[in-house]
Every structure is written in structure tokens, then in C-alpha cells.
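The values are calculated or read from the model by the stated rules, or taken from the named source; none is laboratory data. Fair warning: this is a prediction, and the values are worked out from it, not measured in the lab. Heads up, the Cβs are rebuilt from the backbone with ideal geometry, glycines too, and the neighbour counts pull from every protein chain shown. The accessibility values were calculated without ligands, DNA or RNA, using every heavy atom of the protein model including side chains. Shrake-Rupley method; radii C 1.70, N 1.55, O 1.52, S 1.80 Å.
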Amino acid sequence: DWALVKLERNVTGREVLTVSKSRLRGGHYIYVLGHPCGLPIKYAPGPFVRDESEQRFSAHLDIYSGNSGSPVFCRDTHEVVGMVVHGHSRDLRWVGRGYVSVVYPNPEFDSIPAKCTKVSAFRHYLPPFPLVPYQPEFIN
């Protein structure tokens, strides 16, 4: 669900995300930023890492299936700790006059945690370049 692309020239006018070098452990609080379904940026905070393996982890993130590829950040360091690869497929539900967004986790549905790939699965493919810390202005 992800690809590494080598660019022919340097990117200017954009901040580079910091990729975590720390080992991700269960219980770390995380958040996701993404543009699912063509929406403006969606911020999904709060859940913690659970059911981790060597290269994957899961978390009850309030995301859309269109969030695949979105970076997952550590809440404390704002470093990228993973990438969303699979979310719940039931994003919207009909309520008579239109569709509304389903918020996860949701007790009305058998909501499954989002599946994420740890950066340790792809960090060794990244070149050794200086990283600029990313500090979202809206997160304290």
C-alpha cells in the first residue's frame, strides 16, 4: 500500500517529516493526518498502539478507508512512526436524507482497528538526509 519514489531534484518550499528512529511500543499515543475522500485535512487523535508485531501495529483510529498511505505520528514527538494500510470499509451510513460519517471505534458496528505498517519496515530504504522537524501548529 506504499511506494518509495526517488525524485530527480530537491523539493523546495515543503517541510520534510521526521521519521522516527525509536522502537514503537504498545501503549504509545498516536495520531493520523490525511485527506480521505477528497476532504480537507483530517486529524484523528487519541488512540494508542496495540496488537503490534515486528512490522505492523493496529489502533482504533477514526479514519476512512481512503486514509491508506496517511502518515501515523507519535503524539509526543510528532515523528512518523507508521503508515495506514487498512481501515474499516464502512465510512459513511445513510440516515434518511443523506450520508453521515461513521466515527470509530463504533459500538453499533463490529469496528476493527486500523492496520498500520511501522516505519521500521521501510526506514532502511530512506536516504540519509537531514531531517527538518515537523511541528503541526494546531497540536499542543
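Note down the accessible area of Ser22, probe 1.4 Å, to the nearest 10 Å².
Rounded to the nearest 10, the figure is 80 Å².
Can you give the net charge of the other residues whose Cβ lies under 14 Å from the Cβ of Leu126, counting K and R as +1 and D and E as -1?
Details: positive: Lys6, Lys21, Lys118, Arg123; negative: Glu79.
Net local charge, Leu126 excluded: +3.
For the full complex of protein chains and a 1.4 angstrom probe, list Lys42, Lys21, Lys6, Lys118 by accessible area with the highest value first.
Numbers: Lys42 45, Lys21 170, Lys6 190, Lys118 10 Å².
In descending accessible area the options line up as Lys6, Lys21, Lys42, Lys118.
Summing Lys, Arg as +1 and Asp, Glu as -1, what charge do residues with Cβ under 13 Å from the Cβ of Phe57 carry, Phe57 excluded? Mind dumping the intermediate values first?
Working: positive: Arg23, Arg25, Arg50, Arg56, Lys115, Lys118; negative: Asp51, Glu52, Glu54.
Net of charged neighbours comes to +3.
Please label the shape of region 4-61 as rounded, prolate or oblate, based on the square roots a ≥ b ≥ c of the eigenvalues of the alpha-carbon gyration tensor (a/c under 1.5 means rounded; beyond that, a/b larger than b/c means prolate, else oblate).
Values: a/c = 2.35, a/b = 1.43, b/c = 1.65.
Oblate, since a/c reaches 1.5 and b/c is not below a/b.
At R0 = 22 Å, how high is the FRET efficiency between Arg75 and Ile41 if r is their beta carbon distance? Nearest 0.05 is fine. Please report the intermediate quantities before stating the final value.
Values: r = 17 Å, r/R0 = 0.76.
E(calc), rounded to 0.05, equals 0.85.
List the lysines whose Cα sits under 17 Å from the Cα of Lys6, skipping any in the same chain fewer than 8 residues away.
Qualifying lysines at Cα under 17 Å: none.
Compute, for Leu39, the solvent-accessible surface of its heavy atoms (probe 1.4 Å) with the complete set of protein chains present, and express it in square angstrom to the nearest 10.
Its accessible surface works out to 70 Å², give or take rounding.
Might you tell me the accessible area per residue for region 22-81, computed with a 1.4 Å probe and given in Å²?
Value returned for region 22-81: 50 Å² of accessible area per residue.
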